[in-house]
1. Just to be sure I understand, how many residues within the range 196-210 are of a type outside the set (D, E, K, R), in a helix (DSSP H, G or I) and modelled with pLDDT of 85 or more?
2. Name the single residue that is surrounded by the most Cβ atoms within 10 Å (Cβ to Cβ) among those in the range 173-208 being within 15 Å of the chain's Cα centre (by Cα) and over 20 Å from I10 (Cβ atoms).
3. For I92, are the conditions met, namely being of a type in the set (A, V, I, L, M, F, W, C), in contact with a Leu (Cβ under 7 Å, 6 or more places away or on another chain) and closer than 21 Å to H27 by Cβ?
4. Residues in the range 119-127: is at least one within 23 Å of K11 (Cβ to Cβ), in contact with a Phe, Trp or Tyr (Cβ under 8 Å, 6 or more places away or on another chain) and not in a loop (DSSP other than H, G, I, E, B)?
5. Please verify whether the range 147-161 includes one or more residues that are surrounded by fewer than 17 Cβ atoms within 10 Å (Cβ to Cβ) and either among the aromatic types (F, W, Y) or at pLDDT 90 or above (or both).
6. Scan the range 62-87 residue by residue and report those that are in contact (Cβ under 8 Å) with a residue 40 or more places away in the chain and of a type in the set (D, E, K, R).
7. If the Cβ limit is 9 Å and pairs must be 6+ apart or interchain, which residue in the range 93-106 that is over 16 Å from Y141 (Cα atoms) pairs with which residue that is hydroxyl-bearing (S, T, Y) and assigned to a strand (DSSP E or B)?
8. Anything in the range 18-49 that is among the acidic types (D, E) and surrounded by 15 or more Cβ atoms within 10 Å (Cβ to Cβ)? List them, or say none.
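The values are calculated or read from the model by the stated rules, or taken from the named source; none is laboratory data. Owing to the predicted nature of the structure, the values given are computational and were not obtained by experimental measurement. Positions of Cβ are backbone-derived with ideal geometry, glycine not excepted, and every protein chain shown enters the neighbour counts.
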Amino acid sequence: MSQQDRQKDIKILCQVLRQLNRLSGVHWDTQKDLEGSDLTLDARQNYAKLIVSKHPMKEKDFEGFEQQVASSGVIKLGKFYLPPLDSDKEFIPLLWAEGDFKKEPPAVGFRIGMYRFPKGRRPQVFGFRFEMHDGKSNHDYFHVQVTSEPHPEIDCDSTDWGPDHIPCVLVPANNVVSLVFCILISFYGRRISEQMISHLNIDGKYKEPLQFLPPRNKIS
């Protein structure tokens, strides 16, 4: 990957994350999901409990964010709330990102923790890993895996009996931005593409996952 392509990926990734954070913040503040339905009591209570230790990112947190990632080549993001879920509404999705654009190929991974607070019990979590290939393993392709500990710094009860390495499910991504879009479509379906992705003025290669949606509602 050329330095120019690398910097372009960083710029667009930061643009997408900023836009996503705005969308997420609006829906958590208004307590409505992407469909416009009111959040359940469990969703509101679980979110209120989680933000005590993990404060949501604000617009000011993105000041200098792109410049810092572009200059260092390193991204680390650990308190990024995805929008409320339409299904499995009690879970609060928290995204964590870490990676190094200086590597060849770049190695960037995203973990999504699904949190809930059962009454009278410790918080629970399970999660998913969406990762780029690293060129050094049998899983050298863009994929998603389940993970028992998406965010080690949050003290929760996690599932310790499930597999952490298989299956590695192939996802239709070819760069870090299209990987993010795969994450969003996986969690929110077509609605997220209609409300956010399709409006972004970016190269078509980043929107490749949209080509796998049914043709009748294909988004260019």
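1. Step one: list which residues in the range 196-210 are of a type outside the set (D, E, K, R), which gives 196-202, 204, 206, 209-210.
Okay, now just the ones that are also in a helix (DSSP H, G or I), so 197-199, 204, 206, 209-210.
Keeping just the survivors that are modelled with pLDDT of 85 or more gives 197, 204, 206, 209-210.
Number satisfying all stated conditions: 5.
2. Selected residue: Y188.
3. Numbers: of a type in the set (A, V, I, L, M, F, W, C): yes; in contact with a Leu (Cβ under 7 Å, 6 or more places away or on another chain): yes; closer than 21 Å to H27 by Cβ: yes.
Here the answer is yes, as I92 does meet what is asked.
4. Keep residues of the range 119-127 that are within 23 Å of K11 (Cβ to Cβ), which gives none.
Within the range 119-127, not a single residue is within 23 Å of K11 (Cβ to Cβ), in contact with a Phe, Trp or Tyr (Cβ under 8 Å, 6 or more places away or on another chain) and not in a loop (DSSP other than H, G, I, E, B).
5. Yes - at least one qualifying residue is present in the range 147-161.
6. The answer is E66, D86.
7. P93/Y81; P93/Y115; L94/Y81; L94/Y115; L95/Y81
8. Residues of the range 18-49 that are among the acidic types (D, E), as a first pass: 29, 33, 35, 38, 42.
Listed by number, the residues that qualify are D33, D42.
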